[in-house]
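Enquirer: Sending over a structure as structure tokens; questions will come in a sec.
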Amino acid sequence: METFGREAGWIEVICGPMFSGKTEELIRRLRRAVIARQRVQVFKPDIDRRYHDRRITSHSALSLEALPVTDARELLARVGADTQVVGIDEAQFLGLELLPVVQHLADRGLRVLLAGLDQDYLGRPFEPVPQLLAVAESITKCSAICTRCGASASRSYRLSAASERVSVGAQEAYEARCRRCCNGAHPAADNAA
Ligand code: ADP
Ligand code: MG
Ligand code: ZN
């Protein structure tokens, strides 16, 4: 386990597009913290109801128990007094309110691990992840495999023509694509093809 000082807490961010292994990596790190007998709590925004409600689940079916929360304030209220490690999946759904909450937890001496999308479906920075990257002690940027050409993929390409920023879905709604295979492609045009 990485450490950044004896008493100090720290922030680790795992980012990248959908299917890049963020949740797998988060679960791997959290399981190791449990093995190290750390007191661990895992949270997820309750917007993400794709799989079981009280677990975080990867596309490869790894899973870990997690507490669904509606916002960052609720998350803070639910962190136990003796918790040492906090894991948060799908951080992009908790908004900019998450930033001061995570800073506060790290300042209190906790290790905070977050996984989330760094870009939205149009390749725009997806707050609060860019802000979290700025204050994190450790950053891991994961890539997926482009479903079009097999290159490293940094984008979550939306297959539908939906234009709202948050549209929850998995395999049927998004695919990982590289920068080149996103350029010039338009969701509506793509569907018509
Ligand atoms: P994330 O949390 O970043 O969406 P997950 O940890 O849930 O990613 O899933 C990663 C797993 O998804 C991979 O180990 C692999 O089994 C599977 N997978 C499905 N499609 C792809 C893809 N296009 N590129 C990479 N992995 C993929
Ligand atoms: Mg995930
Ligand atoms: Zn590609």
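Enquirer: Equivalent ellipsoid semi-axes for region 10-142, as square roots of 5 times the alpha carbon gyration tensor eigenvalues: give them largest first, rounded to whole Å.
Expert: The three semi-axes for region 10-142 are 19, 17, 14 Å.
Enquirer: What does a probe at His104 reach in region 54-73, counting residues whose amide N is under 17 Å from the point 7 Å along Cα→Cβ?
Expert: Flagged as within label range: 69-73.
Enquirer: What do you get for the angle between helix 22-35 and the principal long axis of the chain? Use alpha-carbon atoms, 0 to 90 degrees, nearest ten.
Expert: The angle comes out near 20 degrees.
Enquirer: How much area per residue is accessible in region 58-140 when the probe is 1.4 Å and only protein heavy atoms are counted (Å²)? Show your work: numbers first, answer last.
Expert: Numbers: 3420 Å² over 83 residues.
Heavy-atom accessible area per residue stands at 41 Å².
Enquirer: Working from Cα positions, state the angle (0 to 90°, nearest 10) between the long axis of helix 98-107 and the longest principal axis of the chain.
Expert: Once rounded, the angle reads 30 degrees.
Enquirer: Also, quick follow-up: Show that you can apply the helix-only estimate: for the chain, add -39,500 (n - 2.57) for every DSSP H stretch of four or more residues, divide by all residues, and state [θ] at 222 nm to the nearest 500. Display every interim value, and only then the final one.
Expert: Values: 6 runs with 48 residues, N = 193.
Only helices count here, giving -6500 deg cm²/dmol.
Enquirer: How big is the dipole moment of the chain about its Cα centre under a simple scheme where the beta carbon of each Lys and Arg is +1, that of each Asp and Glu is -1, and everything else is neutral? Debye, nearest 20, please. Intermediate values should be presented prior to the final figure.
Expert: Numbers: 26 positive and 24 negative charges, 100 e Å.
With only Lys, Arg, Asp and Glu charged at Cβ, the dipole is about 480 debye.
Enquirer: Can you give the local net charge around Gln131? Use residues other than it whose beta-carbon is closer than 13 angstrom to its beta-carbon, Lys and Arg +1, Asp and Glu -1. Please report the intermediate quantities before stating the final value.
Expert: Details: positive: none; negative: Glu97, Asp118, Glu127.
Overall, the nearby charge balance is -3.
Enquirer: For Arg155, Arg55, Arg78, Arg179, give the ranking by accessible area with the largest first, probe 1.4 Å. Display every interim value, and only then the final one.
Expert: Working: Arg155 35, Arg55 80, Arg78 115, Arg179 150 Å².
Of Arg155, Arg55, Arg78, Arg179, the descending order of accessible area is Arg179, Arg78, Arg55, Arg155.
Enquirer: A follow-up question, please. State, to one decimal in nm, how far the label point of Arg54 lies from the label point of Ala173, with both points 7 Å from Cα in the Cβ direction.
Expert: 2.4 nm
The values are calculated or read from the model by the stated rules, or taken from the named source; none is laboratory data. Please read these numbers as outputs of a predicted model, since none were measured by experiment. Backbone-built Cβ (ideal geometry, glycine too); neighbour counts: all protein chains shown. The area values use the complete protein model at the heavy-atom level, side chains included, leaving out ligands, DNA and RNA. Shrake-Rupley method; radii C 1.70, N 1.55, O 1.52, S 1.80 Å.
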